[in-house]
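One structure is given below, encoded as structure tokens.
The values are calculated or read from the model by the stated rules, or taken from the named source; none is laboratory data. The structure presented is a predicted model; accordingly, all values stated were derived computationally and were not measured. No Cβ is skipped: glycine too gets one built from the backbone with ideal geometry, and neighbour counts run over all protein chains shown. For accessibility, only protein heavy atoms count, side chains too; no ligands or nucleic acids. Shrake-Rupley method; radii C 1.70, N 1.55, O 1.52, S 1.80 Å.
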Amino acid sequence: MGNYLTLSSCPIRDLSKRRKALPIETIFKLPSSTPSWPQVWSTHEGGPDNLGATFFEPSLIPDGFHMLGSYSQPNNKPLFGWTLAAKDISNGSSPLTEPIDYTLVWSSDSLKIKQDGTGYLWLPTPPDGYKAAGLVVTASKDKPPIDKVWCVRSDLTEACENEAWVWGSNGFDVHTLRPTSRGTQALGVRVGTFVAGPGSNGTLVSSSLACLKNVNPNKNSSMPNSTQVDALCGAYSPLLYFHPNEKYLPSSVNWYFANGALLYKKGEESKPVGIEPNGANLPQGGSNDGLFWMDLPVDQNAKERVKKGDLSSAQVYLHAKPMLGSTFTDLAIWVFYPFNGPATAKVGPLKIPLGKIGEHIGDWEHLTLRVSNFSGELWMLYFSEHSKGEWVEASELEFVGGGGNKPVAYASLNGHALYPKPGTVLQGGGNIGIRNDTAKSKIVMDTGKGFSLVAGDYLGSAITEPPWLNFLRKWGPKIDYDTSEEFRKIEKILPGKLKSAFEKFVNGLPNEVFGEDGPTGPKVKANWSEDEAI
């Protein structure tokens, strides 16, 4: 890593052997077959969907490289993953060394479950000044050879934490690992190995393992230039489907400005000013202090027209950023909507419109492509869903038919939260909550046909940020209103049990639901410099 280690990514991408049918039309396909990985041990119970997990070790490691740990994944998804191998190219203190021993962490010999043989998990014992980066899985109770995996010098490692649950049985759990600190400036590199131990946190060995650290002062040299970013977006840009009943569609930012959007200043509310193209007259920098905000046109007809957006003008805005020690590029794809529509509740079998609840002027949503800087392949796609979201691996995404590698996303009705497949997602508990309805329709946006690279700090002067990006105040006004009467109308039509449950649900809603509050722009969001929230 840096001047000391060379890394090689050993991919695992056998998508032909799916263990469970996926509820999507088309999955990611590689143009040629991939080498098989030796399966060391597998179980067919426990873990996600109770389908078990399989444990592998990398093969075809390049000459001079060393394995850092074994790989594992659940059986409820196609085989799709990777681990890093490392090579010592230093002339001084060695960044790599063999462990001095192994400790048996766990074995499956006493498990009464479906399994292929018996599995053994071993923790390497590193010499002083070194860290292990992964466990070793064997099908024998004999210790692995000392040189089976190698350990990494401590100053070339970073702290790590659990990521996704792989498998568990009888109080013993396996999780993938990721760096604890993740962001555009963080140096931690994901190795592709796993942690295992008793309890949901795998506490037995999690503190004994480490991720790698990119200490190369030119770490961003592996990042794509602006031309390559355009090519990546062209290759992987998602197709965005809107609900067939969607009224509030996206537009370009400049369309919004040109069609009457206004800038207000506190204390001078009677004198709003029109916003110039690209936001040239918007206040720059500062903080979200409530001094300025945007709003729709004053004229009612113009206001209603602008609320609906203009899909023909819509484009997406790209933010390119280094992630996981610059081993990946995150391409955040931002979509702007002039208006966020009202919410709808599910109360038992009833579908109930909630009036103004959920409405606000201005709405920013985003998807994020995570692309490997080793291979240029799409590995994951992030779907923003209100204040958080979810990562979905490329092997589990729906892709556009016809052999393309463009993934599909679905925007929820009125609220525009993004999901990987159509249907209804309920925010709440039990049979009461806010509905997020998505469906495939003829209203669709190809994000690759109109995109603009607006930010990427590592690109320096190659990028000129538009003025609107540095407007750090609200893109809509804050409006408080009394919703109690509206809720009382709904409660009157509900039977007793549903009425009390609905009251409990309403009392648990956050305060911001009871009024309109415009969002801040992309640059104010936490994920601008950090990892995505899940």
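Can you pull out the strands (runs of 3 or more DSSP E) entirely within region 307-405 that have at least 1 residues that are farther than 30 Å from residue 277 by Cβ, in the same structural domain as residue 250 (by the TED database) and more than 16 Å from the chain's Cα centre (by Cα)?
344-347, 350-353
Can you tell me which residue in region 432-445 is surrounded by the most Cβ atoms within 10 Å (Cβ to Cβ), limited to those that are of a type outside the set (A, V, I, L, M, F, W, C) and either in contact with a Ser or Thr (Cβ under 7 Å, 6 or more places away or on another chain) or part of a loop (DSSP other than H, G, I, E, B) (or both)?
436
Test residue 312 against the stated conditions and say whether it is free of Cβ contacts under 8 Å to residues at least 60 places away in the same chain and either under 17 Å from residue 365 (Cβ atoms) or open to solvent by 10 Å² or more (accessible area, probe 1.4 Å) (or both).
It is true that residue 312 is free of Cβ contacts under 8 Å to residues at least 60 places away in the same chain and either under 17 Å from residue 365 (Cβ atoms) or open to solvent by 10 Å² or more (accessible area, probe 1.4 Å) (or both).
Evaluate region 416-431: report whether one residue or more is outside any strand (DSSP E or B) and under 14 Å from the mean Cα position of the chain (by Cα).
Scanning region 416-431, I find at least one residue that is outside any strand (DSSP E or B) and under 14 Å from the mean Cα position of the chain (by Cα), so the answer is yes.
Taking into account only those residues within region 416-450 that are of a type in the set (Val, Ile, Thr) and modelled with pLDDT of 90 or more, which is nearest to residue 386 (Cα to Cα)?
Checking each candidate, the answer is 425.
When region 399-411 is examined, which residues are found to be modelled with pLDDT of 95 or more and farther than 17 Å from residue 442 by Cβ?
Of everything in region 399-411, just one residue is modelled with pLDDT of 95 or more and farther than 17 Å from residue 442 by Cβ, namely 407.
Tell me, which residue of region 61-86 that is of a type in the set (A, V, I, L, M) and closer than 20 Å to residue 395 by Cβ is modelled with the highest pLDDT?
The extreme case among them is 84.
Regarding region 269-289, can at least one residue be identified that is aliphatic (A, V, I, L, M) and touching a Gly at 6+ places or on another chain (Cβ under 8 Å)?
No, because not a single residue in region 269-289 is aliphatic (A, V, I, L, M) and touching a Gly at 6+ places or on another chain (Cβ under 8 Å).
Of all strands (runs of 3 or more DSSP E) completely enclosed by region 154-261, which ones contain at least 1 residues that are more than 19 Å from the chain's Cα centre (by Cα), closer than 13 Å to residue 324 by Cβ and of a type outside the set (A, V, I, L, M)?
Qualifying strands (runs of 3 or more DSSP E): 211-213.
Can you pull out every residue in region 294-351 that is modelled with pLDDT of 95 or more and at positive phi?
Scanning region 294-351 gives 309, 324, 325, 326.
What are the residue pairs meeting all of these: first residue in region 64-75, first residue closer than 15 Å to residue 50 by Cα, second residue open to solvent by 10 Å² or more (accessible area, probe 1.4 Å) and polar (S, T, N, Q), Cβ atoms under 9 Å, and 6 or more apart or on different chains?
Listed pairs, sorted by first residue: 73/176.
Looking at 497, 523, 504, which one is part of a helix (DSSP H, G or I), assigned by the TED database to the domain that holds residue 265, at pLDDT 95 or above and over 18 Å from residue 355 (Cα atoms)?
Residue meeting the stated conditions: 523.
One residue is enough: does region 181-196 have a residue meeting the conditions open to solvent by less than 20 Å² (accessible area, probe 1.4 Å), in the same structural domain as residue 331 (by the TED database) and among the hydroxyl-bearing types (Ser, Thr, Tyr)?
Checking region 181-196: not a single residue is open to solvent by less than 20 Å² (accessible area, probe 1.4 Å), in the same structural domain as residue 331 (by the TED database) and among the hydroxyl-bearing types (Ser, Thr, Tyr).
Output yes when any residue across region 343-353 is of a type outside the set (Gly, Ala, Ser), open to solvent by less than 20 Å² (accessible area, probe 1.4 Å) and under 30 Å from residue 486 (Cα atoms), and no when none is.
Looking through region 343-353, at least one residue is of a type outside the set (Gly, Ala, Ser), open to solvent by less than 20 Å² (accessible area, probe 1.4 Å) and under 30 Å from residue 486 (Cα atoms).
Does any residue of region 244-256 turn out to be open to solvent by 70 Å² or more (accessible area, probe 1.4 Å), farther than 26 Å from residue 414 by Cα and not aliphatic (A, V, I, L, M)?
Within region 244-256 (the criterion being open to solvent by 70 Å² or more (accessible area, probe 1.4 Å), farther than 26 Å from residue 414 by Cα and not aliphatic (A, V, I, L, M)), the answer is no, since none of the residues qualifies.
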